[in-house]
């Protein structure tokens with residue numbers, strides 16, 4: 001189980017935050033993503049990797065309710081990948 005948050009440079013000089021919440025079950029993947037988004041700048045992106053199947057619906061509903069943009073939601077094997085962009 002890992003909850004690492006890392007930054008990676010982008011072409012726009014705005015770091016993309018990487019959040020690995022594999023091994024965590026609901027509601028932890030979403031709570032950790034919310035915490036990370038709170039510490040980010042407007043328009044910054046958060047990439048999340050999770051293994052909880054319930055996270056698919058959680059991230060969709062969260063994006064709709066919060067105003068953040070869910071740019072990507074895909075499954076690769078047993079891992080779910082999301083890219084959120086902070087509103088603003």
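The numbers here are math on the coordinates, done by the rules we state, and not lab data. Just so it is clear, the model here is predicted, and its values are computed rather than measured. Ideal geometry is used to build each Cβ from the backbone, glycine not excepted, and the neighbour counts take in all protein chains shown.
Going by average Cβ density within 10 Å per residue, which order do the peptides 24-32, 73-81, 47-55, 60-68 take, highest to lowest?
Ranked from most to least packed, the peptides come out as 47-55, 24-32, 60-68, 73-81.
Which angle between 0 and 90 degrees, to the nearest 10, do you get for helix 55-66 versus the longest principal axis of the chain when only C-alpha atoms count?
Taking the Cα atoms of the chain, the angle to 55-66 is about 40 degrees.
With every atom except the alpha carbons ignored, what do you get for Rg and Dmax of the chain, in angstroms?
Cα radius of gyration and Dmax of the chain are 11.9, 33 Å respectively.
Any chance you could give the angle, 0 to 90 degrees and rounded to 10, that helix 28-38 forms with the longest Cα principal axis of the chain?
For helix 28-38, the angle is close to 10 degrees.
What does DSSP give for region 5-85 in terms of the percent of beta bridges that are antiparallel, rounded to the nearest 5? Don't jump to the answer; show the numbers that get you there.
Details: 17 of 21 bridges.
Rounded to the nearest five, the antiparallel share is 80 percent.
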